[in-house]
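One structure is given here, and the rest of the page talks about it.
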Amino acid sequence: WHAKSGSSAASPRHIDTVPRFCMPQMEEFQRLLADEAKVSPSVISYLTRDLQVQSIKEFAYMWTSDDYEAGLQTDVVGQVQQFTGNKAAAKLQVARLRTAWNLARAKQEDKKSPPASTTAVEQKLSPKADVKERVEPTGPPPPQEGFCDKTGLEAGGTSRGGALNAAQVGHIKNAFKDGLHQPKWDSEGLHRPHKVGDKTYETGFHYLLEAHELGGKNSDGGFGGPLCKDPYSDEIQTLCQQLVDEGQVDKTLCYNNFKDPCPQLTKQQAELCKGFDYGDKTLKLPCGPLPWPAGCPHPGYVPKTNPLNGRWITISGGQKEFIKQAIETGMLGAAEAHKIVADTDHEQTGGMYLRINQRGDTCTVDASVAKYARAKRTWRSGHYFYEPLVSGGNLMGVWVLPEEYRKIGFFWEMDSGKCFRIERRAFERDGLMVLRQSTEVAGKISFVFYIKVSNDPESQIIPVQSRDFTALAGHDNAPDNLGKPYPCTAKDLDYPIKRDTWLEKNEAEMIKQRNMVGGAFAHCCADGFEAHDNAKGGAVNAAQVGSLGKEHFKDGLHKPKFHDDGLHKPMEAGGKTYATGFHYLLEAHDLGGKNEDGGYGGPLCHDPYGEEVQQVIDNLLAQSEIDKTLAYSNFTAPCPELTKDQVEKCKGFDYGNKRLKLPCGPLPWPAGCPHPGYVPKTNPLTGRWITVSGGQAAFIKEAIKSGMLGASEAKKIMADTDHEKTGGMYLRINQFGDQCTV
């Protein structure tokens, strides 16, 4: 075919003289392109249908080694319409075709000369001028260049499964930038519906729970693998319960069974680190070197068998046993317990995972992006690494591999100054490899169990990066929290790199978003809350926020920092440990709704949850069911909705700029919406209002009947309903005619 890269791919190809290759050769060629080199289907189609390339051999000799680069770009990728206007995507496809071409040439290396009997086409594919080039070894094919320029994620794989890649996040691609997960929540918080693309999640939490699954599945979209076909089978669940029971009585955990004292930064040290530039690898932490936790093993051991290498799927968090004990001790009510069980059910049907590429004492680990802003990191035993969180928080952590099947670590949550200690231990059970994770938070130990489903992590390795200089503040052999020197060197493994570039891009984006949402609060303190100091009640203020942990509030915004493993895990705030992050959020409903004495009542109604009020509410609910005077013609008037095209136009819109027009055009008013103009005379909405019933019970009943809700989801909503009736949602309204501050 064409020997020069400048030849036009549109030139006629005389296929009438080309013999038809047998199907196995064609299938082998397509497998090389799709499975080994991850070439786009549209490029494969152009090669096989338009250019009529039928085999690996034909592809290998389409160009010489001098002009194949230009040929791949000009003759192939440049002719595919999908990539003509996208330079980044075209560059990626050229790189993948380069890999495929090198693989094809490598498969032909042993053929040092053309066969004795060659067809005209084979002679055309093997010109004499190219014989010398063809018989010389080409060496091993280069590694695949597989990272998407837009999302920063692996570019190989499919949307069904495999390591987290650009295809998997196609429906939520706007939430990823420079390899970081940056979801944009509803302005009222994560408990509000969250829309991404054409899909609307019930809440932001449901979106995060689904995000747990991204990157954990196999190439077919399931969780299993060669070592364990179904990690959620009854057999595995039975084994899991045994493992949970064993974990409860194990006294050989790290840090002297977590009895050694755990370090913590002082409030002053944590304050010094606020606003610190974690992207600058040349800076020392202003609080001084982070102390090593007493009892942390020393590094130096290099594992021989790489037992952590592979893909691991979580099978249990051990919450059921905790719930049982919590109910017995009165820590949890039945409704709250049902809620956690619902979350546990979701977790057991797929979610958290680990993809570990282990090479001795160095590991590249892929994990859930529901908590961590990036999907991949590489660490070395005994060296600090840095993690940005989806919430905007900052983690400094260390893993140490003291023996073959065990790794022990700790994480500093820099905004609060708290240290969380953790152990992961691998062992064989019933022919399966199990990884038990033991985490200590505020004196309590929780367990998560993983099953290894494949020895192949099926993900790419990235270079090691460390933050030893910053975390140790330039001090070698910094001490632990008992004053004992710990063997360490305050020099980054990737020295002399000076900046964490992807972090820098992320911080700029987060600062931009924060400034957009910046508020103008009347009579507000420096933290953005009202400037009174009643911790028991009144409008939300800095004193009340202190009870939930001031570290979770900044600039008048609620930014909770949940447990590393997700919202279903215990969470510490304001010196209190919540059973899960959901329980923390449910309590947050109470903030700002109580009276000055800490109760819900007031002069007009002393006890909104008394029996008398509940009887009135039952009557009002019955009346509401038959009321036909509701707005919008009793809500029968058609409700407007934007088209998919209009929604697409608004993606990426700068809502902080009040001078811009919506690119979708004016938002339509709902039919039946009354006209403005009336100015209320008596301001009847002014006051403090407490919710006493949401009427969810009837909705849940109907939803179960219609199949909209399953049992576990229904229990979850019932739990929220029960909590809500005992205090929570409220409105404080300052009405002045036709204007309201709420």
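The values are calculated or read from the model by the stated rules, or taken from the named source; none is laboratory data. Predicted model, so just to flag it, every value in this text is computed and none were measured. Here the Cβ positions follow ideal geometry from the backbone for every residue, glycine too, while neighbour counts run over all protein chains shown. Surface areas here come from the heavy atoms of the whole protein model, side chains and all, with no ligands, DNA or RNA. Shrake-Rupley method; radii C 1.70, N 1.55, O 1.52, S 1.80 Å.
Given charges of +1 on the Cβ of Lys and Arg and -1 on the Cβ of Asp and Glu, with all other atoms neutral, how large is the dipole of the stretch 550-682 about its Cα centre, in debye to the nearest 20?
Numbers: 15 positive and 19 negative charges, 203 e Å.
Dipole of the stretch 550-682, to the nearest 20 debye: 980 debye.
Please report, in debye to the nearest 20, how large the charge dipole of the stretch 595-658 is about its Cα centre when each Lys and Arg carries +1 at its beta carbon and each Asp and Glu carries -1 there. Write out the running numbers ahead of the final one.
Working: 5 positive and 12 negative charges, 134 e Å.
About 640 debye.
Which percent of the accessible heavy-atom area of the stretch 583-677 goes to carbon and sulfur, probe 1.4 angstrom?
Percent of accessible area from carbon and sulfur atoms in the stretch 583-677: 57.
Plugging the Kirkwood radius over Cα pairs into Stokes-Einstein for the stretch 244-284, at a temperature of 37 °C and a viscosity of 0.692 mPa s, what D comes out in µm²/s?
On the way: Rh = 13.9 Å.
Answer from the Stokes-Einstein relation: 236 µm²/s.
Kindly provide the trypsin sites (Lys or Arg not before Pro) of the stretch 579-651 that DSSP labels as loop, not H, G, I, E or B, and whose Cβ sees at most 12 other Cβ atoms within 10 Å.
Numbers: sites: Lys594, Lys628, Lys644, Lys649, Lys651; in loops: Lys594, Lys628, Lys651.
Answer in residue order: Lys628, Lys651.
Full-extension gain between Ala671 and Thr84, please, as 0.36 nm times their residue separation minus the C-alpha to C-alpha distance. All intermediate terms of the calculation are to be shown ahead of the outcome.
Details: separation 587, 0.36 × 587 = 211.32 nm, distance 4.45 nm.
Separation in residues times 0.36 nm, less the Cα-Cα distance, equals 206.9 nm.
For Ser454, enumerate residues with amide H under 5 Å from its amide H, sequence gap 5+ or separate chain, H modeled in the peptide plane.
Leu227, Arg311
When the accessible area of the stretch 407-486 is computed with all protein chains present and a 1.4 Å probe, what percentage of it is carbon and sulfur?
Values: 1390 of 2690 Å².
Looking at the stretch 407-486 in its full context, I get 52 percent from C and S.
List the residues, sorted by chain then number, that are 5 or more residues from Ser40 or on another chain and whose placed amide H is less than 5 Å from its amide H.
Correct list: empty.
On a full-extension model of 0.36 nm per residue, what is the gain between Gln248 and Asp597, subtracting their alpha-carbon distance, rounded to one decimal in nm?
Numbers: separation 349, 0.36 × 349 = 125.64 nm, distance 4.16 nm.
Additional length available on full extension: 121.5 nm.
At most 16 other Cβ atoms within 10 Å and a DSSP loop assignment: could you name the GluC sites (Glu not before Pro) in the stretch 598-694 that fit?
On the way: sites: Glu611, Glu612, Glu625, Glu641, Glu648; in loops: Glu641.
Those satisfying the criteria are Glu641.
In what sequence, largest accessible area first, do Tyr232, Tyr678 appear using a 1.4 Å probe?
On the way: Tyr232 45, Tyr678 160 Å².
Heavy-atom accessible area, descending, gives Tyr678, Tyr232.
How would you order 615-622, 478-485 from highest to lowest mean count of nearby Cβ atoms within 10 Å? Intermediate values should be presented prior to the final figure.
Values: 615-622: 12.0, 478-485: 14.2.
Output ranking for 615-622, 478-485: 478-485, 615-622.
At what distance in nm do the modelled label points of Asn306 and Asp280 sit from each other, each positioned 7 Å from its Cα along Cα→Cβ?
3.9
Could you pull out every residue, at least 5 positions away or on a different chain, whose amide H is within less than 5 Å of the one on Asp480? Hs are placed 1.01 Å off N in the peptide plane, and Pro or chain starts have none.
Trp292, Tyr486
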